[in-house]
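Trainee: Questions regarding the structure given below will be posed in turn.
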Ligand code: HEM
């Protein structure tokens with residue numbers, strides 16, 4: 001009798017779970033057949049985007065992929081992007097968090113859409129990303145761009161560099177990181193602090209990358225903890241905190257007034273108990289990690305495209321010569337008079353958005369998109385790279401042709417759903433305008449001061465990509481830089 005009762009109850013529980021599962025997944029978008037417990041993990045290529053493109057060709061522009069036990073919906077047309085990021089934005093603005101580094105969600109990037117999130121977003125928008133504060137920090141960006149040019153000139157003059165190509169990302173990484181650190185903490189990192197920051201970020205990518213696949217399969221999560229032991233994870237967190245104390249907070253007992261930049265504002269709020277220490281650290285870390293590489297990789301791709309296609313480089317230089325001349329360095333106030341340079345930035349963002357799948361969104365309730373159900377809890381990716389290359393939106397989409405943007409005014413900051421490098425809607429990148437200014441300024445300075453060419457004429461540039469959330473060049477771009485006349489008048493610029 002007891003046995004009969006146990007087996008009856010077990011059968012009822014299993015049947016209920018199966019019925020619930022069937023109901024939960026009814027009407028979801030089509031996709032490759034998942035395997036029990038594994039989902040489609042075994043079919044995913046290291047570049048997830050490549051698998052998503054193949055599956056979209058078979059199943060259509062909205063697909064379901066099971067990443068382990070996590071249902072993931074991928075949309076890859078402008079119309080569907082509009083539905084996700086505009087019409088259903090409210091229900092699809094939570095974040096999907098997997099890696100252990102992102103788990104708490106007390107920061108801005110990984111927080112769910114909640115009152116806490118709204119408070120942080122408002123704070124960041126007012127203090128660092130408003131048009132007024134972007135304007136206030138203009139001379140700081142110009143100073144950093146000038147330092148970049150001087151550092152390239154210095155390297156070109158050094159004996160062991162003569163005739164050798166430069167590794168372009170070295171200069172781009174530095175100019176972007178220095179600009180963000182001045183904005184955040186009012187100073188550049190010491191060289192050792194900068195190196196340590198890069199090394200921590202690399203380690204973090206490794207830590208969040210190596211276990212992630214297993215993090216998706218609930219019965220394999222222990223493998224993730226085995227690959228990255230809790231001890232290793234904790235020691236990484238300690239290292240990060242130590243770096244924070246040294247590079248950002250200096251000493252724990254330093255008074256709030258002694259700090260500079262955005263950090264001071266955060267510390268005042270912490271003193272008033274309006275923000276926790278974890279949130280303060282999280283916010284600062286967000287700005288460095290979300291801002292530094294994303295901006296530098298787009299410029300690196302643009303430079304590679306212009307070395308491949310020297311005519312584009314020549315047109316930009318002609319424009320710079322006629323608008324700015326060769327007696328002074330280009331500044332941000334020249335940007336409105338440099339339409340072709342602006343088009344180059346947009347074209348680089350169209351073909352090479354730094355985050356091809358944006359950041360993962362999550363459904364806070366069940367919604368319908370494109371006639372399909374997106375159940376509560378599902379992750380949602382918008383494949384912005386594919387949208388930027390969709391022949392329905394663009395003529396010869398794979399060609400680097402900046403002049404396409406001369407023909408019509410195109411917004412790239414979230415209003416035109418054919419080009420969404422910064423996302424759109426509630427979670428749109430808050431730094432879109434700041435990075436547009438910075439990218440245009442840095443690119444303009446690089447092209448006004450130097451002509452860039454391939455170290456081995458005629459050799460193909462490796463345009464392959466690294467897998468991962470951030471789409472950087474697999475082979476760092478190397479190029480020869482020949483100084484142009486304006487470099488004769490360059491001297492360091494100091495802040496007033
Ligand atoms: C070319 C440069 C950049 C690109 C292409 C880019 C792109 C993006 C994208 C696609 C998102 C996610 C949008 C979404 O989930 O819907 C995002 C979010 C974010 N970005 Fe950027 N970004 C860039 C530069 C920066 C910079 C310079 C900073 C800071 C200094 C920054 C800070 C952030 C933050 C804090 C978020 C999270 C916003 C939120 O979740 O509400 N980004 N960015």
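The values are calculated or read from the model by the stated rules, or taken from the named source; none is laboratory data. Keep in mind that what you see is a predicted model, and the values were worked out from it rather than measured. Ideal geometry is used to build each Cβ from the backbone, glycine not excepted, and the neighbour counts take in all protein chains shown.
Trainee: Can you confirm whether region 312-321 contains a residue that is crowded, with 17+ Cβ neighbours inside 10 Å, more than 19 Å from the chain's Cα centre (by Cα) and either near the ligand (Cβ under 10 Å from one of its atoms) or free of Cβ contacts under 8 Å to residues at least 24 places away in the same chain (or both)?
Mentor: Looking for residues that are crowded, with 17+ Cβ neighbours inside 10 Å, more than 19 Å from the chain's Cα centre (by Cα) and either near the ligand (Cβ under 10 Å from one of its atoms) or free of Cβ contacts under 8 Å to residues at least 24 places away in the same chain (or both), one finds at least one in region 312-321, hence yes.
Trainee: A further question follows. Among the residues of region 75-90, how many are away from the ligand (no atom under 12 Å from the Cβ), over 16 Å from residue 385 (Cα atoms) and in contact with a helix residue (DSSP H, G or I) (Cβ under 9 Å, 6 or more places away or on another chain)?
Mentor: 1
Trainee: Look through region 365-396, keep the residues that are in a loop (DSSP other than H, G, I, E, B), out of contact with any strand residue (DSSP E or B) (no Cβ under 9 Å at 6 or more places or on another chain) and touching a residue at least 24 places away in the same chain (Cβ under 8 Å), and return whichever of them is farthest from the ligand (Cβ to nearest atom).
Mentor: Ranking the qualifying residues of region 365-396, first place goes to 392.
Trainee: Also, quick follow-up: Cβ-Cβ below 7 Å, separation at least six or inter-chain, first residue in region 348-364 and at positive phi, second near the ligand (Cβ under 9 Å from one of its atoms): which pairs?
Mentor: Here the result reads 358/382; 358/384; 358/423, each pair linking region 348-364 to a residue that is near the ligand (Cβ under 9 Å from one of its atoms).
Results for (1) within 16 Å of the chain's Cα centre (by Cα); (2) modelled with pLDDT under 95, shown as yes or no for each residue.
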residue	(1), (2)
411	no, no
419	yes, no
422	yes, no
426	no, no
438	yes, no
441	no, no
455	no, yes
468	yes, yes
476	no, no
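Trainee: Right, another one. For region 101-125, enumerate the residues that are farther than 16 Å from residue 180 by Cα and assigned to a helix (DSSP H, G or I).
Mentor: 101, 102, 115, 116, 117, 118, 119, 120, 121, 122, 123
Trainee: Any chance you could count how many residues in region 14-40 are modelled with pLDDT of 90 or more and either exposed (fewer than 10 other Cβ atoms within 10 Å of the Cβ) or out of contact with any helix residue (DSSP H, G or I) (no Cβ under 6 Å at 6 or more places or on another chain) (or both)?
Mentor: Residues in region 14-40 being modelled with pLDDT of 90 or more and either exposed (fewer than 10 other Cβ atoms within 10 Å of the Cβ) or out of contact with any helix residue (DSSP H, G or I) (no Cβ under 6 Å at 6 or more places or on another chain) (or both): 8 in total.
Trainee: Now a separate question. Please state which of the following conditions residue 299 fails to meet, knowing it meets all the rest: (1) within 16 Å of the ligand (Cβ to nearest atom); (2) surrounded by fewer than 21 Cβ atoms within 10 Å (Cβ to Cβ); (3) modelled with pLDDT of 95 or more.
Mentor: (2)
Trainee: Let me ask something else. Looking at (1) surrounded by fewer than 23 Cβ atoms within 10 Å (Cβ to Cβ); (2) in contact with a helix residue (DSSP H, G or I) (Cβ under 8 Å, 6 or more places away or on another chain); (3) at pLDDT 95 or above, which is the only condition residue 382 fails?
Mentor: The failed condition is (1).
Trainee: In region 326-364, which residues are assigned to a loop (DSSP other than H, G, I, E, B) and farther than 23 Å from residue 429 by Cα?
Mentor: 326, 327, 328, 329, 330, 331, 338
Trainee: For the structure I just gave you, tell me whether residue 246 is at pLDDT 70 or above and within 16 Å of the ligand (Cβ to nearest atom).
Mentor: Here the answer is no, as residue 246 does not meet what is asked.
Trainee: If I filter region 431-446 for residues that are touching a residue at least 40 places away in the same chain (Cβ under 8 Å), more than 10 Å from the ligand (Cβ to nearest atom) and in contact with a strand residue (DSSP E or B) (Cβ under 8 Å, 6 or more places away or on another chain), do I get at least one hit?
Mentor: yes
Trainee: Of (1) touching a helix residue (DSSP H, G or I) at 6+ places or on another chain (Cβ under 8 Å); (2) within 10 Å of the ligand (Cβ to nearest atom), residue 404 satisfies all except one. Which?
Mentor: All conditions are met except number (2).
Trainee: Now, a different point. Conditions: (1) in a loop (DSSP other than H, G, I, E, B); (2) more than 16 Å from the ligand (Cβ to nearest atom); (3) crowded, with 16+ Cβ neighbours inside 10 Å. Residue 462 meets all but one. Number of the miss?
Mentor: That leaves (3) as the condition not met.
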